[in-house]
Amino acid sequence: MGESYKKYVGNGKYLRKEDFPSPVNTSILWIKKEVVTARGKGPETKMVLYFDGLKKGLVLNTTNGDTLKELTGTEDTAEWSDLPVQLYTDPDVTFGNKKEGGIRIRKPLSGPTLKVKPSTDPDSVS
């Protein structure tokens, strides 16, 4: 049997739900505009969040943007830097009409979570 196409699809430049088998506590380092090509769409300029200890960025969507607005009290992305957050996979996130799961942001929760440690491997989250 041949290889599955799935490991070759998508942009390895940005975080994916598979990067978070457990929640990760981190903080937002910076936000910048980048040209991003989403599945089934042409290139668009989007906001991308970058986090302490993680090499890849997270393309900001409306739900995560609304969460950050609630956490900070502002839509001004310049005010979001240094904000402690927890990144986690929510299995109920839908894309189109299909439940696929996706990355969500929340205030860091107490209890056992995977903490980001500085690493020589920038893709490492443990």
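The values are calculated or read from the model by the stated rules, or taken from the named source; none is laboratory data. Bear in mind that the values here come from a model prediction, so they are computed numbers and not experimental data. As a convention, Cβ positions derive from the backbone with ideal geometry for all residues, glycine included, and neighbour counts pool all protein chains shown.
Annotations
- Failed condition for residue 17, given (1) within 22 Å of residue 94 (Cβ to Cβ); (2) touching a helix residue (DSSP H, G or I) at 6+ places or on another chain (Cβ under 8 Å): (2)
- Segment 39-58: number of residues that are β-branched (Val, Ile, Thr) and in contact (Cβ under 8 Å) with a residue 24 or more places away in the chain: 1
- Where strands (runs of 3 or more DSSP E) fall wholly inside segment 22-100, the ranges with 1 or more residues that are farther than 21 Å from residue 12 by Cβ and over 13 Å from the mean Cα position of the chain (by Cα) are 84-90.
- Of all residues in segment 33-87, those satisfying the criterion of being more than 22 Å from residue 18 (Cβ to Cβ) and touching an Asp or Glu at 6+ places or on another chain (Cβ under 6 Å) are 69, 72.
- Residue within segment 73-94 that is among the charged types (D, E, K, R), at pLDDT 90 or above and under 11 Å from residue 105 (Cβ atoms) present: yes
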